[in-house]
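S.K.: Structure below; questions to follow.
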Amino acid sequence: MSYSLAPSLVDLRSETNERWPNRDKASDGWIGDTSHSARVSDHNPDWNSGGIVRAIDVDKDGISVEDFLNAVIYDSRTSYCIYNHRIWGGTRWRKYEGANAHTKHVHVSIKHTTAAAKSGSWGLAKRAVKPVGKPEDAKVKKVKDQSPTNVPNGSTNFPTDYAELKINGNFKSWEQGAIQILMYQLGYKANKQWDGKIGKLGYTDLQNWLQDVRDPNGKPYYTKTPVAKWGVAKGTPLKVDGKAGKWFWYEFQRYLADRGFYKGILDGDPAGMTYEAIQRWLNDNNDD
């Protein structure tokens, strides 16, 4: 089967070249390599939609990154952008902890819709982009509060933000709904609805995300067992299977501990202290 770049991203690349004809293209890209094909990525062809590729990388050298980002992040076709240790999803920049910090290029992913893939101008080529402030200064539209009027409701339209969580050791619909929102805004989209029940698809997103982030030694989480435990040898491969078993929770606890959110024992047995750490982690990711 053949694959192709989404027409809207072909237009984005063409307009970028027209706007900055002498730009460096060394870090440009669109089709995923072997490492991309081993994980979920918009650089991989979507064979269910005819092999369309929904992501592009644009080298930062020789362009105005601020102008480029201001054009892209405010376009309704954009799903998320990654640049220089940060990711834009919806209304704000958040920390990006993936293995590739994207310091040499800007990553742009479009939404998985027919409208987002259609050809159309991004407003870059023939005129200067009118500054709308630095991207990180964009106004954040938070979920109003945690009330019955905005409880996770099974919608396929995910909110872009969530309210500040109380540190009370809960792991109920609001915590799980916030995880769904965060994973969706970080580009992990196996889960298709905002229902406050992360379930198998939500845990799949978390497992993929843990494999992308790195521990203090530069190694990914949830790839191999880091210690011998529960009758399992150290170095045993871990599967992305959507199951919230002991090894998933052990690795999630290890991630939270490495960032200072969790002070408890790494036991793979989530309880109040683990859930408080998750609430702290979610609140940290919801800061401006």
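S.K.: If you take the residues of the stretch 180-189 that are touching a Gly at 6+ places or on another chain (Cβ under 8 Å) and in contact (Cβ under 8 Å) with a residue 40 or more places away in the chain, which of them is surrounded by the fewest Cβ atoms within 10 Å (Cβ to Cβ)?
M.R.: Leu186
S.K.: For Ala117, all conditions in the list (1) at pLDDT 85 or above; (2) in contact with an Asp or Glu (Cβ under 6 Å, 6 or more places away or on another chain) hold save one; what is the number of the exception?
M.R.: Tallying (1) at pLDDT 85 or above; (2) in contact with an Asp or Glu (Cβ under 6 Å, 6 or more places away or on another chain), Ala117 fails exactly one: (2).
S.K.: Could you pull out the residue among Val227, Val240 that is without any contact (Cβ under 8 Å) to a residue 24 or more places away in the chain and either in the same structural domain as Ala178 (by TED's automatic domain parsing) or within 26 Å of Trp88 (Cα to Cα) (or both)?
M.R.: Val227
S.K.: Only residues that are of a type in the set (D, E, K, R), more than 25 Å from Thr225 (Cα to Cα) and surrounded by 13 or more Cβ atoms within 10 Å (Cβ to Cβ): list them for the stretch 259-288, please. Lay out the reasoning, then the answer.
M.R.: Going through the stretch 259-288, the residues of a type in the set (D, E, K, R) turn out to be 259, 263, 267, 269, 276, 280, 284, 287-288.
Narrowing further to those that are more than 25 Å from Thr225 (Cα to Cα): 280, 284, 287-288.
Once the filter is applied, which keeps residues that are of a type in the set (D, E, K, R), more than 25 Å from Thr225 (Cα to Cα) and surrounded by 13 or more Cβ atoms within 10 Å (Cβ to Cβ), the stretch 259-288 yields Arg280, Asp284.
S.K.: Does Thr236 fit the bill of being more than 21 Å from the chain's Cα centre (by Cα) and more than 19 Å from Pro270 (Cβ to Cβ)? If you could, list the steps in order and put the result at the bottom.
M.R.: Working: more than 21 Å from the chain's Cα centre (by Cα): yes; more than 19 Å from Pro270 (Cβ to Cβ): yes.
In short, yes.
S.K.: Something else about it: Taking the stated definitions as given, is Asn84 within 26 Å of Ala178 (Cβ to Cβ) and at pLDDT below 90?
M.R.: Working: within 26 Å of Ala178 (Cβ to Cβ): yes; at pLDDT below 90: no.
Taking the combined requirement at face value, the residue does not satisfy it.
S.K.: Taking the stated definitions as given, is Tyr255 under 14 Å from Val213 (Cβ atoms), hydroxyl-bearing (Ser, Thr, Tyr) and either surrounded by fewer than 19 Cβ atoms within 10 Å (Cβ to Cβ) or under 24 Å from the mean Cα position of the chain (by Cα) (or both)?
M.R.: yes
S.K.: Right, something else. Could you grab me the full set of residues in the stretch 219-248 that are touching a strand residue (DSSP E or B) at 6+ places or on another chain (Cβ under 6 Å), in a loop (DSSP other than H, G, I, E, B) and either among the hydrophobic types (A, V, I, L, M, F, W, C) or more than 20 Å from Thr274 (Cα to Cα) (or both)?
M.R.: Across the stretch 219-248, the qualifying residue is only Gly235.
S.K.: In the stretch 160-173, which residues are surrounded by fewer than 22 Cβ atoms within 10 Å (Cβ to Cβ) and either in a loop (DSSP other than H, G, I, E, B) or not small (Gly, Ala, Ser) (or both)?
M.R.: Thr160, Asp161, Ala163, Glu164, Leu165, Lys166, Ile167, Asn168, Gly169, Asn170, Phe171, Lys172 - these are the residues of the stretch 160-173 that are surrounded by fewer than 22 Cβ atoms within 10 Å (Cβ to Cβ) and either in a loop (DSSP other than H, G, I, E, B) or not small (Gly, Ala, Ser) (or both).
S.K.: Could you check the stretch 66-86 and list, in sequence order, the residues that are surrounded by fewer than 16 Cβ atoms within 10 Å (Cβ to Cβ) and not acidic (Asp, Glu)?
M.R.: Correct list: Tyr74, Ser76, Asn84, His85.
S.K.: Here's a follow-up. Anything in the stretch 190-206 that is surrounded by 20 or more Cβ atoms within 10 Å (Cβ to Cβ) and more than 23 Å from Gly272 (Cβ to Cβ)? List them, or say none.
M.R.: If the condition is that a residue be surrounded by 20 or more Cβ atoms within 10 Å (Cβ to Cβ) and more than 23 Å from Gly272 (Cβ to Cβ), then Asn191, Trp194, Thr204, Asp205 are the ones that fit.
S.K.: Is it the case, given these coordinates, that Gly177 is surrounded by 20 or more Cβ atoms within 10 Å (Cβ to Cβ) and farther than 22 Å from Ala101 by Cα? Walk me through how you get there before you give the answer.
M.R.: Values: surrounded by 20 or more Cβ atoms within 10 Å (Cβ to Cβ): yes; farther than 22 Å from Ala101 by Cα: yes.
Yes.
S.K.: Looking at the stretch 109-122 only, could you name the residues that are part of a helix (DSSP H, G or I) and hydroxyl-bearing (Ser, Thr, Tyr)?
M.R.: Across the stretch 109-122, the qualifying residue is only Thr114.
S.K.: Could you check the stretch 199-218 and list, in sequence order, the residues that are among the basic types (Lys, Arg) and in a helix (DSSP H, G or I)? Please lay out each step first, then the result.
M.R.: Within the stretch 199-218, the first condition is being among the basic types (Lys, Arg), and the residues that meet it are 200, 214.
The answer is Lys200, and nothing else.
S.K.: For the stretch 102-126, name all the residues that are surrounded by fewer than 15 Cβ atoms within 10 Å (Cβ to Cβ), closer than 18 Å to Phe68 by Cα and either of a type in the set (Lys, Arg) or within 14 Å of the chain's Cα centre (by Cα) (or both).
M.R.: Within the stretch 102-126, Lys126 is the sole residue that qualifies.
The values are calculated or read from the model by the stated rules, or taken from the named source; none is laboratory data. Small disclaimer: the values here were computed from a predicted structure and weren't measured. FYI the Cβ positions are ideal-geometry reconstructions off the backbone, even for glycines, and counts take in every protein chain you see.
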